[in-house]
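Enquirer: This is the structure I have questions about; it appears just below.
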Amino acid sequence: MLIVGLTAPAQAVTYGTPTIALSASYLSGAVGATGDPVVNVTVGQSGADASALTVSASASSKASVAGTGDVTVTVTGAGAVRQLAVAARGRGYTNLTVKVTGLGGKTATKTLYYAASAAVQNPADARYFTGSADASAAVDVGGGYAVVADDESNVLRLYDRSRSGAPVKTWDFSSQLGVSKEVDIEGATRIGDTIYWTGSLGNNKDGEYKAPRNTVFTTTVSGSGTGTQLAYGRSYKKLREDLVAWDKANGNRYGFAAGTAAGEVPKQIDGFNVEGLEFAPGSTTTAYLGFRAPLAPAVPGGKALVVPVTNFDQVLASGAKAVFGTGIELDLGGLSVRDIRRNAAGQYLILAGSWAADDNSDPYALYQWDGVAGHAPVKRADLPTTDPGGWEAIVDVPDLTAAGARVQLITDSGSADLYGDGTEAKDLTHAEWKKARAAWFTLNP
C-alpha cells in the first residue's frame, strides 16, 4: 500500500553555549567626555546567526560611576561584533557585567572593569591618550597623528590626535640606546624625516645621577598617519658634561655645575632640567635647549633660559662635542620653558610653566616668539590649572596670524589622582586606565 503526503518529523535545533570576548577587559572614561574609548564585544553561538544574539550590560558594583542606562551597544559589521560605549556619570571605579543572550535562552557573561576620571573644562576639546599617563613630548607626523613620548619609560606611542584611546603603534629603542632605565624624554622636534629627542639631562628626583637621562637621540620617520614608521638613528651621551664645561668657562652664570652636583634635585629654581628642544630660525644645525630649571638668574621673578647648540646636527650625526652660543634669557612672567615649538613659517610657541616639582596648581601660559635673541615673547593665552596633570607638550604650531588659531597641548598626568582613590596615575596596575589628556586651545588675537 502506498501512503502519500506524509513527511519526516522536523528535528529540534540544538544551540551551543554562546561565546563572548572583549577587546579589552579594562576601560577608562571621563565624566562629560566626548568620544571616549570603546570596547568591541565579539559574540557567537553554534547553530545560530550571530546577528540574532543580543548583548546587554549592567552595573555589578558602583552604579553611581556608570549604570545600566549609561551603556550603549551598537552592531558593527555582520553582527558578530558589537561596540560598547560607556557614558560616565561619576568619578571612580565600577564593574560592568556584559552579557550575551543567545537562542534557546542560553547566556554567557564577561566582566568589564571600568574607571572614570572627573569632568574637565571644555570637554568637547579634550581627548585622552591611554596606555601611559606620563606624556612628556610630542611630534606631529601628519595624517592627523602624533608620536608621544613618556618620561617614565622609553616607549614612543603613535596616537590619533582626534580620538581618545590606545596607541595605534609603539616603539621602544632601549636596546639600541644601550639603556635599561628611562631616558626621561622631555623634548622633541622634527627636521625633515629626522626626529630629535632629548632626555632631561638632570639628576633624578632623589638628586642622583642616572646615565640614561644624559641622552639625546634621533629616529627616522617614514610614512604618515597609521602608516607611520620609526627607525632608530644615533645617540649622544655627553651633552650634560658639555653644558657644564661651557657654563664654567663663562663664569658659572647659570650654575650648571652646582645644579648637577650629587644630591641636587632637578626641579628647583637653581636646579638643572631640560624640557624643550627646537631649532633656531631658518636653521637645521642650531638647536635651542629650553630649560625648566634654572631660571636665569636663579631668583624669584627671573627669566627663562634657552641655550643654543650651534652644531646640534653634527653632535648627533658624528658625536662631535657640542658648541654653544650665548644663552638667551626670556621674560615669561617668572615661568620657565616646559616646551618650545616652531612652525614652517618660523613662528614659535613656548609652553611656560613653573620650575617646581609639584606644580599642578601653578600657572601656565603660551607665549609667541620669533626665535630671535633679544626679542621679547608675547603672551597669547593663559592656560587653566590642570587636574589631572600639568601641561607638558605642544604637538605642533598653527599659523599664529590666523584668526581663531588653535593649538593642541598634552598633559603629564603621572602624579595625578585620576579616579579619586589616592593612587597616582603612573602607579595604576592596568595600562588601559593610565592616560594623558590632550586639549585644543584657541589663542587670543
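The values are calculated or read from the model by the stated rules, or taken from the named source; none is laboratory data. All of these numbers come straight from a predicted model, not from anything done at the bench. Here Cβ is always computed from backbone atoms with ideal geometry, including for glycine, and neighbour counts include all displayed protein chains. When the accessible area is computed, the model is the full protein with side chains, heavy atoms only, and any ligands, DNA or RNA have been set aside. Shrake-Rupley method; radii C 1.70, N 1.55, O 1.52, S 1.80 Å.
Enquirer: Please report the orientation-averaged projected area of the range 280-369, defined via the convex hull of its C-alpha atoms, in nm².
Expert: For the range 280-369, the mean projected area of the Cα convex hull comes to 6.4 nm².
Enquirer: Looking at this model, which pairs from K110/K426; K205/K435; K62/K205; K303/K434; K62/K434 are more than 32 angstrom apart at the alpha-carbon?
Expert: Beyond 32 Å: K62/K205; K303/K434.
Enquirer: Among the lysines, which have Cα under 20 Å from the Cα of K321 when same-chain residues fewer than 8 positions away are ignored?
Expert: K237, K238, K248
Enquirer: Express the carbon and sulfur contribution to the solvent-accessible surface of the chain as a percent, rounded to the nearest whole number, probe 1.4 angstrom.
Expert: Carbon plus sulfur share of accessible area: 50 percent.
Enquirer: Can you work out the accessible area per residue across the chain, with the rest of the protein chains kept in place, probe 1.4 Å, in square angstrom?
Expert: That works out to 41 Å² per residue.
Enquirer: Once the principal axes of the Cα atoms of the range 321-411 are found, what is the range along each, listed largest first in whole angstroms?
Expert: Cα spread of the range 321-411 along its principal axes, largest to smallest: 37, 35, 25 Å.
Enquirer: Tell me, what ³J(HN,Hα) does each residue in the range 128-134 have, in order and in whole Hz, if you take phi through Karplus 6.51 cos²θ - 1.76 cosθ + 1.60 with θ = phi - 60° and put x for Gly and Pro?
Expert: Going residue by residue, I get 10, 8, 8, x, 7, 9, 9 Hz, with x marking Gly and Pro.
Enquirer: Roughly how compact is the range 37-115, stated as its Cα Rg over 2.2 N^0.38 Å to two decimals?
Expert: Against the compact-globule rule of thumb, the ratio is 1.11.
Enquirer: Related question: Mind putting a number on the dipole of the range 76-165 about its Cα centre? Charges go on the C-beta only, +1 for Lys and Arg and -1 for Asp and Glu, and I need it in Debye to the nearest 20.
Expert: Using Cβ point charges on Lys, Arg, Asp and Glu, the range 76-165 gives about 740 debye.
Enquirer: Moving on to the next point. Using modelled backbone amide H atoms (1.01 Å from N, in-plane), which distant-in-sequence or interchain residues come within less than 5 Å of A30's amide H?
Expert: Placed amide hydrogens put A88, S117 under 5 Å from A30.
Enquirer: Quote the FRET efficiency, to the nearest 0.05, computed for D421 versus Q314 with a Förster distance R0 of 45 Å and r equal to the Cβ-Cβ distance.
Expert: Efficiency for this residue pair is about 0.35.
Enquirer: If you take the Cα atoms of the range 135-266, find Rg, then find the Kirkwood Rh from the mean of 1/r over all pairs, what is Rg/Rh?
Expert: That ratio equals 1.03.
Enquirer: Can you compute the FRET efficiency between D193 and T72 using 1/(1 + (r/R0)^6), with r the Cβ-Cβ distance and R0 = 30 Å? Round to the nearest 0.05.
Expert: The calculated FRET efficiency here is 0.10.
Enquirer: Then there is this: Output the 0 to 90 degree angle, nearest 10, between the alpha-carbon long axis of helix 239-249 and the longest principal axis computed from the alpha carbons of the chain.
Expert: Helix 239-249 sits roughly 20 degrees off the main axis of the chain.
Enquirer: Follow-up. Between R89 and T111, what is the spin-label point distance in nm, taking each point 7 Å from the Cα along the Cα→C-beta axis?
Expert: Computed distance between label sites R89 and T111 equals 2.2 nm.
Enquirer: Using the Karplus curve 6.51 cos²θ - 1.76 cosθ + 1.60 with θ = phi - 60°, work out ³J(HN,Hα) for each residue of the range 419-431 in order, rounded to whole Hz, and write x for Gly and Pro.
Expert: With the stated coefficients, the range 419-431 comes to 10, x, 10, x, 8, 5, 4, 5, 9, 4, 5, 9, 4 Hz.
Enquirer: Based on the alpha carbons, how large is the Rg to Rh ratio for the chain when Rh follows Kirkwood?
Expert: Expressed as Rg/Rh, it is 1.11.
Enquirer: With just the Cα atoms of the range 294-445, tell me how far they stretch along each of the three principal axes, in Å, largest first.
Expert: Rounded to whole Å, the extents work out to 48, 42, 34 Å.
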